[in-house]
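Here the structure is laid out as structure tokens; the discussion comes afterwards.
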Amino acid sequence: MKLYHFSDVGDIEVFIPRAPLRHPHAEPLVYAMSEGESPLYLFPRDCPRISTWVTGETSEAERKLFFASGPARIKSFIDRASEAHWRTGQIYRYTFDAEGFEDCQGYGDWISRSTQRPIHVELIDNLPVAAEKHGMSVDVVDSLVDLGHRLYDYAAMRWTTTLHVSMVRMGLLPGWDHSTSKPVWTEAGNERTHD
């Protein structure tokens, strides 16, 4: 089995466990993604985005609505302000053997507490084509902040959708005032998370 890590930097020879920059007190780890969820990272690092997909918990009405808009298995959204950067950006995909990684039993995320060496690195220089190739549609919206608020009711602290929702880098958006809120979703705990 292969795992993937995405970076704006293309010359990393060794991945040393470290805490995420936005969470410096977290346990130092090396992060990787499984093939199925790896399209979530076909964006420049600092590109805020929301991705949704159907799970076993998704209602029949939302499942039908999701696939009525096209066959993509992941539907992602970016803010209009990020569109040019996404269309012209590039990213490097590092490949690892899964040995030495631990499955987090979430949505494709794996971790390692030890140093890891990639077995391959590939430049992806056409992100829209790569997204489509991997079964993901990307729609540009006027306000990603508004979409985030429609998917999660921060006043009531509850989701307004039965789709799985992944919010990444939302704290970089002007007007996003929930950078410390981190709802979490796991199949076992019936909670959801975003970064």
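Here, each number is a calculation from the coordinates, and none is a lab measurement. Bear in mind that the values here come from a model prediction, so they are computed numbers and not experimental data. Positions of Cβ are backbone-derived with ideal geometry, glycine not excepted, and every protein chain shown enters the neighbour counts.
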On average, how much area does the Cα convex hull of the range 2-192 cover when viewed from any direction, in nm²? 11.1
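Going by the alpha-carbon gyration tensor, a ≥ b ≥ c the square roots of its eigenvalues, is the range 1-92 rounded (a/c under 1.5) or, if a/c is not under 1.5, prolate (a/b greater than b/c) versus oblate?
Prolate.
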If you keep only loop residues by DSSP, which trypsin sites (Lys or Arg not before Pro) in the range 8-107 have at most 12 other Cβ atoms within 10 Å of their Cβ? ARG22
Give me the Kirkwood hydrodynamic radius of the range 58-126 in Å, from all C-alpha pairs, to one decimal place? 15.9
Loop-only GluC sites (Glu not before Pro) in the range 1-103, please: DSSP not H, G, I, E or B, and at most 10 other Cβ atoms within 10 Å. GLU13, GLU99
Of the DSSP beta bridges with both residues in the chain, give the percent that are antiparallel, rounding to the nearest 5. 85
Give a quick list of trypsin sites (Lys or Arg not before Pro) in the range 135-169 that DSSP marks as loop, anything other than H, G, I, E or B, with at most 10 other Cβ atoms within 10 Å. none
Please work out whether the range 132-175 counts as rounded, prolate or oblate from its C-alpha gyration tensor, where a ≥ b ≥ c are the square roots of the eigenvalues and a/c under 1.5 means rounded, while otherwise a/b larger than b/c means prolate and anything else oblate? oblate
Under 15 Å Cα to Cα from LYS2, which aspartates and glutamates show up? Leave out anything in the same chain fewer than 8 places away. GLU35, GLU37, ASP97, GLU99, GLU102, ASP103, ASP109, GLU122
